[in-house]
């Protein structure tokens, strides 16, 4: 049976429908052009980023990947940058031993030579290091280390919008001042919250204005997902017709996470003896509403704090492009609400209209809120 993992980054042949983006972004990076990936959560930004880095690594390009979201403090952030850069010469694991074990580290000849060129690495072994100095040095290291070996490096900062958690504008300005003149490095910045990323990269007074090419990730192409769904169902001896595949894609709109989740549930039902003869998308979606219930309730809880957001979101679900004619603009500001909902990643703007970026949440709103 085909193994489908949902919620984890995928790579290689498991990355469906992003070949054009992989090729385009890779070419930009090789030209020294940094890029920004903006999309709601679960749209595959991390998978796309890791696939790009993996392919470039095969071309002898140095790479580094730092997930800002899971990095708890500034020292950990700078340490992760240094470690990932060192990993390009397989020195990351040795570097990890530096805390409290200098003797062991100096037994590695290459790391010893690296420390002689980049003495800041020794500061990580200090009991109370100056974290801002370490971070500053680690940013310089992104460019200076590959430069020493006449290589280029592509450094990815995933969930870059979370960087302000360390110290707001100070760290953003430091990153900008350090990387803007780096001649051996190009960067991938990715983020889920459009409003935050636009604050960094789009507005004229933003710190990274015109620093990077902005790329908005959309849904996966219908034809590409059709082929993948057909092959997966056939390989697992599940009876289907084109109507069933169209029903799946009509619901998911090509959303990478939920298309995979639907497929995963179909395969799970097959393996447990359910729906072997008559696969019903309605039944599948009802099962997924239960599986994702906690997440969906939390989404609604966050929205329900604002009456304006609630009314606007419901109008989007019920009326689509004609939502303005169904809202009392004297009591609420739909434009402001739409901007907030889009900026948070809950809404997706396409073809001059708005719809929920999360198709399962849209179904949950219809069943639990509108039709209850």
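The values are calculated or read from the model by the stated rules, or taken from the named source; none is laboratory data. Since the model is a prediction, treat every value here as computed from it, not as a measurement. Using ideal geometry, Cβ is built from the backbone for each residue, glycine included, and neighbour counts are taken over all protein chains shown.
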| field | Unmet requirement for residue 187, which otherwise passes all of (1) buried (at least 18 other Cβ atoms within 10 Å of the Cβ); (2) without any contact (Cβ under 8 Å) to a residue 60 or more places away in the chain | value | (2)
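Quick one: count up the residues across the range 2-50 that are farther than 18 Å from residue 255 by Cα and in contact with a helix residue (DSSP H, G or I) (Cβ under 6 Å, 6 or more places away or on another chain).
To start, the set of residues in the range 2-50 that are farther than 18 Å from residue 255 by Cα comprises 2-3, 12, 23-36, 50.
Next cut, in contact with a helix residue (DSSP H, G or I) (Cβ under 6 Å, 6 or more places away or on another chain) only: 2, 25-26, 35-36.
Of the residues in the range 2-50, 5 are farther than 18 Å from residue 255 by Cα and in contact with a helix residue (DSSP H, G or I) (Cβ under 6 Å, 6 or more places away or on another chain).
Among the listed residues 354, 324, identify the single one that is assigned to a strand (DSSP E or B) and modelled with pLDDT of 85 or more.
On inspection, the qualifying residue turns out to be 354.
Report those helices (runs of 4 or more DSSP H) wholly inside the range 1-117 carrying at least 2 residues which are modelled with pLDDT of 90 or more and within 20 Å of the chain's Cα centre (by Cα).
Working: elements: 19-30, 45-57, 74-86, 92-96, 102-105, 109-117.
Here the list reads 19-30, 45-57, 74-86.
I need the helices (runs of 4 or more DSSP H) fully contained in the range 188-271, keeping only those with at least 3 residues that are at pLDDT below 90. Before the answer, list the steps.
Working: elements: 194-201, 222-235, 242-252, 256-271.
Correct list: 194-201, 222-235, 256-271.
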| Is it the case that some residue within the range 307-321 is free of Cβ contacts under 8 Å to residues at least 12 places away in the same chain and in the same structural domain as residue 358 (by TED's automatic domain parsing)? | yes
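Quick grid of which residues meet (1) outside the structural domain of residue 37 (by TED's automatic domain parsing); (2) buried (at least 19 other Cβ atoms within 10 Å of the Cβ); (3) more than 23 Å from the chain's Cα centre (by Cα); (4) under 23 Å from residue 24 (Cβ atoms):
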{"residue": "201", "(1), (2), (3), (4)": "no, yes, no, yes"}
{"residue": "207", "(1), (2), (3), (4)": "no, no, no, no"}
{"residue": "233", "(1), (2), (3), (4)": "yes, yes, yes, no"}
{"residue": "239", "(1), (2), (3), (4)": "yes, no, yes, no"}
{"residue": "250", "(1), (2), (3), (4)": "yes, no, yes, no"}
{"residue": "256", "(1), (2), (3), (4)": "yes, yes, no, yes"}
{"residue": "261", "(1), (2), (3), (4)": "yes, yes, no, no"}
{"residue": "266", "(1), (2), (3), (4)": "yes, yes, yes, no"}
{"residue": "269", "(1), (2), (3), (4)": "yes, no, yes, no"}
